[in-house]
1. Take residues that are surrounded by 10 or more Cβ atoms within 10 Å (Cβ to Cβ), in contact with a Ser or Thr (Cβ under 7 Å, 6 or more places away or on another chain) and touching a residue at least 40 places away in the same chain (Cβ under 8 Å) and tell me which of the strands (runs of 3 or more DSSP E) falling wholly in region 1-50 contain 3 or more.
2. Failed condition for Phe87, given (1) surrounded by 16 or more Cβ atoms within 10 Å (Cβ to Cβ); (2) not in a loop (DSSP other than H, G, I, E, B), with all others met?
3. On the given criteria, is Leu110 over 11 Å from the mean Cα position of the chain (by Cα), surrounded by 14 or more Cβ atoms within 10 Å (Cβ to Cβ) and either in a loop (DSSP other than H, G, I, E, B) or not hydroxyl-bearing (Ser, Thr, Tyr) (or both)?
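Laboratory data are not the source of any read-out in this text; all were calculated from the coordinates shown. All values derive from a computational prediction rather than experimental measurement. As a convention, Cβ positions derive from the backbone with ideal geometry for all residues, glycine included, and neighbour counts pool all protein chains shown.
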Amino acid sequence: KYRILFPSPKPINDICEMGDSIYIAIESAIYSYSTQTNKLRSVFALEKENIIISLSTDPDRLILYFSTHTAIYAFKNSSLVKLSDDFPNSIIKFSGTGLLIFNSLEKDILHIVNVDESIEF
């Protein structure tokens, strides 16, 4: 069984979950969908050309990580922090100990441990 949560007018680049919300990357914006209220809301948007590639969450610290064609960011409580512009076009995944980065240009997988300790929101 399945049900359609909502139709998207544009292609979805990535999706992840934190708490009761599903975070969705569409072009250069991130939306959240509440499974409890069935409401979709805009979280924030970057410049139109800054397409979001990958999303991941740290559910314990309530941090949303995402990558674009130019940088990797962290978002929490309406604060956006650029973590690095050393790994363009990367796919990211938060693990319990830090952020995994698949750098598709260099074909490397990196692990930044305790990444949350260096972020000042």
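1. Output list reads 14-18.
2. Failed condition: (2).
3. yes
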